[in-house]
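One structure below.
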Amino acid sequence: MKMSKFFDLLSADLKALGKLGGPDLETAVSRLIPTLEPVLRSRLLEALTEIAGEFKDQLPGARVEARLAGDEVELVYLQDESVTRETPSELNARITLRLPEDLKARIESAATQEGISLNSWLLKASERGSLAVSIGRRQIKGKGRS
């Protein structure tokens, strides 16, 4: 979303309201509009950040952030790599999984590289997979930087 579009529309609205009050108010509003942009930019970003934070409970193991890059505001989906649910009270279901030795070795290697247990790595991978299914089978893969 381009913030300039939002500010242009708001400026037009304020100018129209200023005209209703006569020439003095119209002049005052036209002087006020340029000083409002930085404040409104900050408030808009705060509002979007708060909205993004409301997704926290709906996205297990992930979060949404509001980011500003120049004139662009983006809502960015991020996997929360710090989430590990390996407290004994939460781990009460058990399954037996049979898989090829080479796949087991790759999974163990990936868990070691992340510095977590094999069980934690499998939990994170399972949560990522179940999230992809729950949001309509669309999946974004890879890592991004801003």
#### Entry: Inter-centroid distance (Cα atoms) of the range 91-127 relative to the range 13-39, Å
61
### Message
Test of understanding: what is the full-extension gain from S42 to F6, defined as 0.36 nm times their sequence separation minus their Cα-Cα distance?
### Response
11.7 nm
### Summary
The aspartates and glutamates whose Cα lies under 15 Å from the Cα of K124, excluding any fewer than 8 residues away in the same chain, are D80, E81, E86, E90, E108, E114
### Task
Lys and Arg at +1, Asp and Glu at -1: add these up for the other residues within a Cβ distance under 14 Å of D8 and post the number.
+1
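Read-outs throughout are calculated quantities, based only on the coordinates presented, and are distinct from any laboratory measurement. Fair warning: this is a prediction, and the values are worked out from it, not measured in the lab. Using ideal geometry, Cβ is built from the backbone for each residue, glycine included, and neighbour counts are taken over all protein chains shown.
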